[in-house]
1. Could you list, in sequence order, all residues of the range 19-49 that are exposed (fewer than 14 other Cβ atoms within 10 Å of the Cβ), within 26 Å of the chain's Cα centre (by Cα) and more than 19 Å from residue 63 (Cβ to Cβ)?
2. Give the residue, chosen from 248, 269, that is at pLDDT 80 or above, out of contact with any strand residue (DSSP E or B) (no Cβ under 9 Å at 6 or more places or on another chain) and over 22 Å from residue 336 (Cβ atoms).
3. Please go through the range 162-190 and give me each residue that is at pLDDT below 90, among the small types (Gly, Ala, Ser) and over 22 Å from residue 278 (Cα atoms), ordered by number.
4. Take the residues in the range 310-356 that are at pLDDT below 80 and polar (S, T, N, Q); name whichever of them is nearest to residue 66 (Cα to Cα).
5. Would you be able to say whether some residue in the range 10-18 is modelled with pLDDT of 85 or more and under 25 Å from the mean Cα position of the chain (by Cα)?
6. Within the range 66-81, does at least one residue satisfy the condition of being farther than 19 Å from residue 311 by Cβ, buried (at least 21 other Cβ atoms within 10 Å of the Cβ) and modelled with pLDDT of 85 or more?
7. Can you list residue pairs whose Cβ atoms sit under 9 Å apart, with the first residue in the range 169-180 being in contact (Cβ under 8 Å) with a residue 40 or more places away in the chain and the second being surrounded by fewer than 18 Cβ atoms within 10 Å (Cβ to Cβ) and β-branched (Val, Ile, Thr)? Count only pairs 6 or more apart in sequence or on different chains.
8. Please work out which residue is nearest to residue 218 (Cα to Cα), limiting yourself to the range 175-206 and to residues that are assigned to a strand (DSSP E or B) and in contact with a Ser or Thr (Cβ under 7 Å, 6 or more places away or on another chain).
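The values are calculated or read from the model by the stated rules, or taken from the named source; none is laboratory data. Just so it is clear, the structure is predicted and the values come from calculations on it, not from any experiment. Every residue, glycine among them, receives a Cβ derived from its backbone with ideal geometry; neighbour counts consider all protein chains shown.
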Amino acid sequence: MRLLDRYLTRELMIPLAYCLVGFLIFWVSFDWLAMAEDFRDAGMKLTACIYYYWIKLPEFISTTFPIALLLALLYTLTDLSRHHELVAIRAAGVSWWRLCAPYFFWGVFLSLALLFLNETWGARSAEHSAALLAAYEKGTEGKPASYEAWHDQAFFHNHRDGRKWVIKRYNAQTTEMVSPYVILEHSQKQGHRIEAESAWHTNGVWTFHRAREQFMVTTPQGEVLQNRFHEVLPQPEFTETPRQFKTELKIAQMSSVRMAKEAQISLAEIHDYYDLHEVIPPEMRPRLQTQYHGRIAWSFTCLVVVLIAIPFGAGSGRRNVFAGVASSIFICFGYFILMRLGLALGTRGALPPMLAAWFPNLVFGGCSLYFIRQTR
């Protein structure tokens, strides 16, 4: 059967390549038209715009790949059906499920590949492209990347270890802190806190400079506030990492409206947030859980696409190929509506987060399995 699998795969990969490139060109062109005025106002030249879209490429691939796969599968199966190749394969004694096995394999493989892309390159795509555009808008292009990484009035609460960080300014690129103030809630010293002029994360250790350490000391006269001054005060027991600080800032700045539109927070960032927050605010819990399940569910759209395409394409007979294009547009439109609806309901807590994220996959996948049984 390996010869048959290679043949069916080859028949799929060629139209898939064409569809993916075509959809990417269309998506980039559409976005370019929408962003043209912003690029002009920011003073971005053609090379800067090309670099901007190179950064956003993973985001576009994540969006367009399931659509391209659906259209390619519909075209391939419709073409095989029109030339009676599927009938010939079935007549040779190949079962319907065995015939579809290579498509199921590629559906699972591409789903895992899309999940990997989203969690690595794609996780930084939107953030870096937005930072590039902001740098041109503020006239800071050409300056070090750290110039645009400053955050004012940053707050970070490590519930696990009992530390509250209040930072006047924090640079997420260089880890530099200006006027950090740390309250140690689990310290054996009562009222223990550290206030410094600056702090850096060097060699895996947070080091405070020109720091004042305060805590209460019991004396015969009563409790007295004691101050200790340090030119340099390393704190190796502070386990917070720069990545966790960046995650905290990203989640704190992301509104519920943006979370309801699409899954924008990576699984690693959500794990970091849960790791340091034993108590999640009630309004934040459904948002994070919906983002978590939505991130996984979207990647497995490729497998759902395979399930959708098989009954629509293989059962088409002599139907015109353009009917497959119309079907794919209608299916994608319905899927995106259900996906947005599910994320919105899950973010607001109207549906359980897992059900809200997986709802489109369950609906389209379940219906497709029913139609596949009817087709065979």
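1. Answer for the range 19-49, where residues must be exposed (fewer than 14 other Cβ atoms within 10 Å of the Cβ), within 26 Å of the chain's Cα centre (by Cα) and more than 19 Å from residue 63 (Cβ to Cβ): 36, 38.
2. 269
3. Matches in the range 162-190: 172 only.
4. This residue is 328.
5. Within the range 10-18, the subset modelled with pLDDT of 85 or more is 10-18.
From the residues that got through so far, the ones that are under 25 Å from the mean Cα position of the chain (by Cα) too are 16-17.
Yes, some residue in the range 10-18 is modelled with pLDDT of 85 or more and under 25 Å from the mean Cα position of the chain (by Cα).
6. Pass one, the range 66-81, residues farther than 19 Å from residue 311 by Cβ: 68.
Among the residues that remain, those that are also buried (at least 21 other Cβ atoms within 10 Å of the Cβ) are: 68.
If we keep only those that are modelled with pLDDT of 85 or more as well, we get 68.
So far as the range 66-81 goes, yes, one or more of its residues are farther than 19 Å from residue 311 by Cβ, buried (at least 21 other Cβ atoms within 10 Å of the Cβ) and modelled with pLDDT of 85 or more.
7. From the range 169-180, the pairs are 170/178; 175/202.
8. Result: 197.
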